[in-house]
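Notes for the one structure printed next.
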Amino acid sequence: MKVAFISRATLYTTPGGDTKQVDMTAKYLRQLGVDVDVCLTSDDIDYQQYDLLHFFNIIRPADILGHIEKAKKPYVVSTIFLDYGSFEKQARKGLMKWMNMLFSEDTIEYIKAVARWVKNGEKIGSANYLKWGHAKSIKHVAANSEILLPNSESEYRRLSNKYHIEHAYHVVPNGIDDSVANIVSSKNDKYKDAILCVARIEGRKNQLNLIRALNNTKYKVFIHGKPSPNNIGYYEQCKKEAADNIHFTTWLTEEELYQMYYSAKVHILPSYFETTGLSSLEAAVMGCNIVVTDKGDTKDYFKDDAWYCEPDDTASIKDAIDKAFDAPYNEQFRERILKNYTWLRAAEETLAAYKQVIEK
């Protein structure tokens, strides 16, 4: 079986959680005998050599429609259905706050797609996107897929409820790379008992409120990540407000990253929205207690094994960290992750979905 993974043009220039999902799923699918090519939506793709197309990010239908129309091939979609609604309404400032008062979320996503085309040269592959708009385009992509591949039941329910979609789906969990997790055996004193936040630095991830919550406290805090091009100002504000106990790191190898998790005490993602929070899974399997919000699908993964906070409440963030820092680590949580949330497991579930399509 030969499959083309097709994802956003900025997958590697502005990496995110979807970058890791694409690369690691491809890696482990190859180990299972599937021939996988990773392509970008901006690439000129020879569709005929593939048995199946696999798209990522249903919230970017402008990237997908043109390929569907040209390829005329069966396809599946890893939905990665992000919902920025609460962040846009609660935390945005300036022009975006004003736009959210005037326009629906789908209209704003439509404007963003056109802006990416005009400003960044990210072409809209089909005139139908301009004609149909954002919501109808998402419905079309979903309805014509062979199967949808959400990362959780919660994600599928959100997509179904918002766009009134009832379609075949197969849950493919996000995961951790246990091949790296199992070889890390030494700790780095630099991160001993530290509080970590590993994520792209942007408003949705909410590092600024984390900084405000932990400035000048007893905690040694490391914020690891880099800003996307549209969040440089936010990154500068974070650095400007950070006290001396807040440290910024920008690049680590995968093994160094897992060693940092292994050395620390708590990992926090105080996000306004997460489908999973891959870094939370990675930190948890290495022995960190986890603080997250319940905005998105995090409860499907972390259940009662995490401490939950409110993203716009610095006192809530600090309180959750205090509780997580003082609590013992639950080894059963690690066992649950290693059983259910590895990239091999994700690849196995993806292959199971492929087989459903091919057999049909």
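Since every read-out is calculated from the coordinates, none of them should be taken as a lab result. Remember, it's a predicted structure, so these values are computed and weren't measured experimentally. Every residue, glycine as well, gets a Cβ built from its backbone with ideal geometry; the counts of neighbours run over all protein chains shown.
Taking only the C-alpha atoms of segment 178-340, Rg followed by Dmax gives 14.5, 42 Å. Each peptide in 154-167, 15-28, 285-298, 322-335 gets a packing score, the mean of other Cβ atoms within 10 Å over its residues, and the list from highest to lowest is 285-298, 15-28, 154-167, 322-335. In order along segment 283-297, the phi-based Karplus estimate (6.51 cos²θ - 1.76 cosθ + 1.60, θ = phi - 60°) of 3J(HN,Hα) comes to 5, 5, 5, 9, x, 7, 6, 10, 10, 9, 9, 9, 8, x, 10 Hz; Gly and Pro are listed as x. Residues whose amide H comes within less than 5 Å of that of SER7, counting only those at least five positions distant or on another chain, are CYS39, LEU40, THR41 (H built at 1.01 Å from N in the peptide plane). Under a 5 Å amide H cut-off, with hydrogens placed 1.01 Å from N, THR342 pairs with ILE176 among residues at least 5 apart or on other chains. For the chain, the direction-averaged projected area of the alpha-carbon convex hull comes to 17.4 nm². Result for the chain in a Gaussian network model with C-alpha springs under 10 Å: among LEU32, LEU338, LEU65, the largest mean-square fluctuation is at LEU32.
Couplings 3J(HN,Hα) of segment 173-180, computed from phi: x, 6, x, 10, 8, 5, 5, 8 Hz, in residue order, whole Hz [Karplus 6.51 cos²θ - 1.76 cosθ + 1.60, θ = phi - 60°; x for Gly and Pro]. Phi-derived couplings, Karplus 6.51 cos²θ - 1.76 cosθ + 1.60 at θ = phi - 60°, listed residue by residue for segment 143-160: 5, 9, 6, 6, 7, 9, 10, x, 8, 6, 4, 4, 4, 4, 4, 4, 4, 4 Hz, with x used for Gly and Pro. Distance from the alpha carbon centroid of segment 185-230 to that of segment 310-337 works out to 14 angstrom.
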